[in-house]
Amino acid sequence: MNHPIIPIAVLEVSKQRKRQAPKGRRVDPAALAEVQGLLGDAPRRADLLIEHLHKIQDHFGHLPSGHLAALAQEMRLSQTEVYEVASFYHHFDVVKEGQDAPAALTVRVCDGLSCEMAGAKDLLAKLPSILGRDVRVIPAPCVGRCEQAPVAVVHQNPIPNASCEAVQAAVAAGATTDTVEGFIDMAAYQQDGGYALLRQCMSGERDVEAVIKTMEDSGLRGLGGAGFPTGRKWRIVRAEKGPRLMAVNIDEGEPGTFKDRVYLEKDPHRFLEGMLIAAWAVGIEKIYIYLRDEYHGCRTMLEAELDKLRLAPPVAGLPEIELRRGAGAYICGEESAMIESIEGKRGMPRLRPPYVAQVGLFGRPTLEHNFETVYLVRKFLEQGTEWFTKQGLNGRKGLRAFSVSGRVREPGVKIAPAGITIQALIDDYCGGMLEGQSFYGYLPGGASGGILPASLNAIPLDFDTLQPYGCFIGSASVIVLSDKDTATEAARNMMRFFHHESCGQCTPCRVGTAKAAHLMEQPKWDLPLLADLSQVMRDASICGLGQAAPNPMDCVIKYFPHELN
């Protein structure tokens, strides 16, 4: 068969047309203009993708597909890259062509364990008919306010101890943005001696080696859950070739955990000073603060206080500080997933080695810390290590900040000696159990830390004391159960959470959490199958989410067999 001969000039024109109009969605000029207006003069770097997605989401209340295409063109990214990030995070509402946009106002009701015990299911059942079709009511994983359970969030405004009437009033009043008041601002902090220690460090009055040695001798361990010794981490990262970066994790998404928020709402500059001292000691070039999206009031407050710090720094030569906004993903509490998110990607944990201390943010050695760890730095360096090590009970040393919620009279952040028992924590720090309720069980370390019965009420609560019981303390988020609850229902709540929050990267976690959640909803548990599933998830999952997800399930089987009969 003879084919027509196409002139070379025609082929060249065809190639040009292909370059000018690539395959895929064509960008609407109006959408492009709106995206350009929202981004303003902000850099179009790929690591700012999530920040730019927030600007579009905040403006429209969702992410129109046409605007995602426009954003991709504006940032010189493929549309696939933009879509896969936008669809990964829970707080982004991607609306495809032909789909209806969500209601203009969204009310999220936390269905975490503490909120579920306090009546969240009732709120979720009643609010849709009360608020009407113009308001979207959806369940949300833990919003970090467990001491105020149940909690509803009207757009960006949390309603503590929520009732249908309180939520309805907030919607009617248009109260949609959270604020933080009564905190110690920069002027008040400096009047009380704040930043004097930082000046001593950066002026040479304090020696780097002495400061790192103090942190090593203190015994302070990372307080985000992993418990790695702080001083040792500083020394490891400092030994790496620069430039070095720092990432601070304030994405406390573990159900039952809220201590970082409480500290930040009260004394933000104590955190900032500790962070800057750590950066000085390690030789950090730039700092990234990763704050969970649920803390809207904290973000507004922290942005304002960082601006004050930049305009009137207490000492010259401070590293650049950049505040990044999460987008609703528990997995980003894992250090490497957080780093991926800061780089503008899906928050998926990295395979290790190499470790973050060696190859972290943008391929550079990175000092990663939890908020509370650096919040305590000033206290350690000013008072020495003795004040800390002389505290403690039952052979343990130090103090711990326990986030306590559930069936106690006085939930909240409790500063108590390391090694305190759950019974003493309830009786001496939380005012006892709620009226008419008796102690039944407890989660010593949040969603992943396992569940123990009230009969095991004399175990010292600290690092390394709970492992023999199949549990761990993690970030010391304690949820107390009463005789009105069952460990089985608590474990089901936790497994649903893990299934919802699995990043999906590895099969053992992605499929394992879904399968476990399904099996646990059955009237009779298939114990041999659950045991096999637990072992596979522990052995083969990439990160701690999948490895620890079976803990509540296994604890029910071990300590609450009577509930399964």
Condition first: within 12 Å of residue 190 (Cβ to Cβ) and open to solvent by 10 Å² or more (accessible area, probe 1.4 Å). Now tell me which residues in the range 292-315 satisfy that. 308, 312, 313, 314, 315
Residues of the range 476-495 being assigned to a strand (DSSP E or B) and over 22 Å from residue 436 (Cβ atoms), which ones? 477
Selection status of residue 426, open to solvent by less than 10 Å² (accessible area, probe 1.4 Å), of a type in the set (A, V, I, L, M, F, W, C) and assigned to a loop (DSSP other than H, G, I, E, B): no
Restricted to the range 184-230 and to residues being open to solvent by less than 10 Å² (accessible area, probe 1.4 Å) and of a type in the set (Val, Ile, Thr), the residue nearest to residue 544 (Cα to Cα) is 230
From the list 219, 242, 204, exactly one residue is farther than 30 Å from residue 151 by Cβ, without any contact (Cβ under 8 Å) to a residue 12 or more places away in the chain and not hydrophobic (A, V, I, L, M, F, W, C). Which is it? 204
Only residues that are over 16 Å from residue 478 (Cβ atoms), touching a Pro at 6+ places or on another chain (Cβ under 7 Å) and among the small types (Gly, Ala, Ser): list them for the range 109-153, please. 119, 120
Go through the range 9-44 and give me each residue that's over 12 Å from residue 72 (Cβ atoms), in a loop (DSSP other than H, G, I, E, B), modelled with pLDDT under 60 and open to solvent by 50 Å² or more (accessible area, probe 1.4 Å). 23
Filter result for the condition that a residue is closer than 30 Å to residue 229 by Cα and touching a residue at least 60 places away in the same chain (Cβ under 8 Å), over 477, 482: 477
Say whether the condition of being of a type in the set (Asp, Glu), out of contact with any strand residue (DSSP E or B) (no Cβ under 6 Å at 6 or more places or on another chain) and buried (at least 22 other Cβ atoms within 10 Å of the Cβ) is met by at least one residue in the range 248-271. yes
Filter the range 111-167 down to the residues that are over 21 Å from residue 256 (Cβ atoms) and basic (Lys, Arg), then identify the one that is most open to solvent (accessible area, probe 1.4 Å). 133
From the list 384, 398, 436, 392, pick out the single residue that is open to solvent by less than 10 Å² (accessible area, probe 1.4 Å) and of a type outside the set (A, V, I, L, M, F, W, C). 398
Whether any residue in the range 444-453 is surrounded by fewer than 19 Cβ atoms within 10 Å (Cβ to Cβ) and either in contact (Cβ under 8 Å) with a residue 24 or more places away in the chain or assigned to a loop (DSSP other than H, G, I, E, B) (or both) is what I want to check. yes
Among (1) touching a helix residue (DSSP H, G or I) at 6+ places or on another chain (Cβ under 7 Å); (2) at pLDDT 95 or above, residue 179 falls short only on (2)
Determine whether the range 122-145 contains at least one residue that is out of contact with any strand residue (DSSP E or B) (no Cβ under 8 Å at 6 or more places or on another chain), free of Cβ contacts under 8 Å to residues at least 24 places away in the same chain and under 25 Å from residue 497 (Cβ atoms). yes
Helices (runs of 4 or more DSSP H) enclosed by the range 302-389 - at least 2 residues per element that are at pLDDT below 95 and more than 22 Å from the chain's Cα centre (by Cα): 377-383, 386-389
Among the residues of the range 45-54, is any over 27 Å from residue 344 (Cα atoms) and open to solvent by 10 Å² or more (accessible area, probe 1.4 Å)? no
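The values are calculated or read from the model by the stated rules, or taken from the named source; none is laboratory data. As the structure is a computational prediction, the values presented were derived from the model and not from experiment. Neighbour counts run over all protein chains shown; Cβ positions are idealised from the backbone, glycine included. For the accessible areas, the whole protein counts, side chains as well, though only heavy atoms, and no ligand, DNA or RNA atoms are used. Shrake-Rupley method; radii C 1.70, N 1.55, O 1.52, S 1.80 Å.
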